[in-house]
Amino acid sequence: MTDRQTMFDQIATLIEPFNKKGVTVSDAATFQHDLEWDSLTVMDFVAAVEDEFDIIITMNMQAEIETVGQLVDAVIKLRG
Amino acid sequence: MTDLFSKFDPLIQQREGLLATGVRDPFSLVMDEVKSPTIAVCNGRETILLGTYNYMGMTFDDDVLAAGKEALDTFGAGTTGSRVLNGTYQGHKLVEEALKEFYAMDHAMVFSTGYQANLGIISTIAGKGDYIILDIDSHASIWDGCKMGDAEVVPFKHNDVEALEKRLKRLPPEAGKLVILEGVYSMLGDIAPLKEMIAVSKAHGAMVLVDEAHSMGFIGPNGRGVAEDQGMLDQVDFVIGTFSKSVGTVGGFCVSNHPKFEIMRLVCRPYVFTASLPPTVMAASATSIRKLMHAGNKRAHLWENSRRLHGGLKALGFDLGTDTPQSAIIAVIMPDLERGAAMWEALLNNGLYVNLARPPATPAGMTLLRCSLCAEHTADQVEDILTRFEAAGRAVGIIG
């Protein structure tokens, strides 16, 4: 399994408790339109991702992240 | 062609749906006559005001009114200029002197509104490459200050010391950091654990800004706010406040002990590029601030009112925003917007005005009936308020 696939799986696991509608999680799935998350859910999820990887995803970065795939790439980059 | 207003369609529909149920529009109330800090005439009916932020009842104080009237005759109706050009009158300096004494701080800067004070200070001091770490339930003026500046913005869970500390730990140690907190959060009326939060912020090399809009004049031994009450005011780098609540006029300010603070008058755009407050407002504000320094009895009575209303509403079975009375704001949680609007209207028809608060102003999508008490509410009025809440609550089916 590639490093990216491992990261995708980890992110997918973190999405699970917030995925109330049971949406299929793929690279292309968007947080706003496919998962239908409101701002509060986004905040709780971002906090979970930050704690899991010991990183900070600033609001400025969040504005650029629309899909699960973009998040996976951003976390890989932030972990360096 | 795309109609730029189409983005507002969901809100227009929600509003039309609400009004179609027959309730009066909660967001277009007109005060026809204002008789005192606690009584007004709304829709031809004498109404008790329980949603005004007029915590210390200074709007009709004799000395405040006299000072304003004298300034109107002496200095005219307005300044027609920026603070840094022709808009600084004697009155503006007198207010800044009064603020420095009130907070026992070295510098004070008056803005035309409290909103502009947050907008200006935050967007100016936190620049590119700096970090702003702020509570997720921060006021709109704080968020807008972040948006106007170039800093990286890092929110943390409301009033969560551990969440704040975790984020501070992860930021580059050498980067400039500004932690933004509020003394009282105005939607639920809860206070912040400033003692712990400021200590953690300082331990990680951050500067601290505390918005004390809803605590000035009331909370703390000298009415300086929650930071004073928790013994942390000397650790706060910037206090933001407003004249539109306890002071009873309009305007905003920042007080600070930072040795270079005065440079803000030249670099802070929401301070420079707007007209200064009129002389009447400055004279009334200076008098009010000085009277608030010696308002211990009024503070004590306001606490009595807050405790009685909180305890009374709780006993009636209402769901409240805080378990204990923490400020002059008591938030009553409504099951949804429809029943919240119905309850709001039932109270108004019964001669009681409260604020109806709804998303996005409220946290967690809540609909709230927000009560803010005044030091001029009598004990009898508070009992009267409870009777009206009971009647409306039963009529609308909020309580059994």
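The values are calculated or read from the model by the stated rules, or taken from the named source; none is laboratory data. Small disclaimer: the values here were computed from a predicted structure and weren't measured. No Cβ is skipped: glycine too gets one built from the backbone with ideal geometry, and neighbour counts run over all protein chains shown.
Quick look at the numbers
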| quantity | calculated |
| --- | --- |
| When residues of the range B:348-380 are limited to those that are of a type in the set (A, V, I, L, M) and part of a loop (DSSP other than H, G, I, E, B), the one farthest from the other protein chains (Cβ to nearest Cβ) | B:375 |
| Any chance residue A:22 is more than 30 Å from residue B:128 (Cα to Cα) and either away from chain B (no Cβ under 14 Å) or over 13 Å from the mean Cα position of the chain (by Cα) (or both) | yes |
| Qualifying residue in the range B:286-293 (condition: farther than 26 Å from residue B:85 by Cα and either without any contact (Cβ under 8 Å) to a residue 12 or more places away in the chain or part of a loop (DSSP other than H, G, I, E, B) (or both)) | yes |
| Selected residue [in a helix (DSSP H, G or I) and either more than 10 Å from every other protein chain (Cβ to nearest Cβ) or touching a residue at least 24 places away in the same chain (Cβ under 8 Å) (or both)] from A:51, A:44 | A:44 |
| Extreme residue, surrounded by the most Cβ atoms within 10 Å (Cβ to Cβ), among residues of the range B:367-393 that are within 24 Å of residue B:335 (Cα to Cα) and without any contact (Cβ under 8 Å) to a residue 40 or more places away in the chain | B:369 |
| Out of B:220, B:241, sole residue that is crowded, with 19+ Cβ neighbours inside 10 Å and in a strand (DSSP E or B) | B:241 |
| Residue tally, condition at the interface with another protein chain (Cβ under 10 Å from one of its Cβ atoms) and either within 25 Å of residue B:366 (Cα to Cα) or surrounded by fewer than 16 Cβ atoms within 10 Å (Cβ to Cβ) (or both), over the range A:56-77 | 4 |
| Among (1) touching a strand residue (DSSP E or B) at 6+ places or on another chain (Cβ under 8 Å); (2) within 14 Å of chain A (Cβ to nearest Cβ) - the single one residue B:165 does not satisfy | (1) |
| Positions within the range B:166-185 being surrounded by fewer than 19 Cβ atoms within 10 Å (Cβ to Cβ) and in a helix (DSSP H, G or I), in sequence order | B:166, B:169, B:170 |
| Filter result for the condition that a residue is touching a Pro at 6+ places or on another chain (Cβ under 6 Å), under 16 Å from residue B:362 (Cβ atoms) and not small (Gly, Ala, Ser), over B:190, B:137 | B:137 |
| Single unsatisfied condition, residue B:17 versus (1) closer than 30 Å to residue B:223 by Cα; (2) assigned to a helix (DSSP H, G or I) | (1) |
| Inter-residue pairs, beta-carbon under 6 Å, first in the same structural domain as residue B:380 (by TED's automatic domain parsing) and free of Cβ contacts under 8 Å to residues at least 60 places away in the same chain and in the range B:18-42, second assigned to a strand (DSSP E or B) and among the aliphatic types (A, V, I, L, M), 6+ apart | B:31/B:40; B:32/B:41; B:33/B:41; B:34/B:40 |
| Test: residue in the range B:182-192 that is more than 14 Å from every other protein chain (Cβ to nearest Cβ) and of a type in the set (D, E, K, R) | yes |
| Unmet requirement for residue B:83, which otherwise passes all of (1) basic (Lys, Arg); (2) within 23 Å of residue B:29 (Cα to Cα); (3) in contact with a Phe, Trp or Tyr (Cβ under 7 Å, 6 or more places away or on another chain) | (2) |
| Residue A:7 within 13 Å of chain B (Cβ to nearest Cβ), surrounded by 15 or more Cβ atoms within 10 Å (Cβ to Cβ) and out of contact with any Leu (no Cβ under 8 Å at 6 or more places or on another chain) | no |
| Output for the range A:1-40, where each listed residue is in a helix (DSSP H, G or I) and touching a Ser or Thr at 6+ places or on another chain (Cβ under 8 Å) | A:18 |
| Residues satisfying the stated conditions in the range A:25-41, i.e. within 14 Å of chain B (Cβ to nearest Cβ), in contact with a helix residue (DSSP H, G or I) (Cβ under 8 Å, 6 or more places away or on another chain) and exposed (fewer than 14 other Cβ atoms within 10 Å of the Cβ) | A:38, A:40 |
| Inter-residue pairs, beta-carbon under 8 Å, first outside any helix (DSSP H, G or I) and in the range A:60-80, second charged (D, E, K, R), 6+ apart | A:67/A:27 |
| Among (1) more than 12 Å from every other protein chain (Cβ to nearest Cβ); (2) in contact with a Leu (Cβ under 6 Å, 6 or more places away or on another chain) - the single one residue A:2 does not satisfy | (2) |
| Residue satisfying all of: in the range B:87-134; touching a Phe, Trp or Tyr at 6+ places or on another chain (Cβ under 7 Å) and assigned to a strand (DSSP E or B); surrounded by the fewest Cβ atoms within 10 Å (Cβ to Cβ) among these | B:107 |
| Pairs with Cβ under 6 Å, 6+ apart, first in the range B:325-338 and more than 20 Å from residue B:372 (Cβ to Cβ), second among the basic types (Lys, Arg) and not in a helix (DSSP H, G or I) | B:337/B:358 |
| In the range B:135-152, the residues that are assigned to a loop (DSSP other than H, G, I, E, B) and away from chain A (no Cβ under 13 Å) | B:139 |
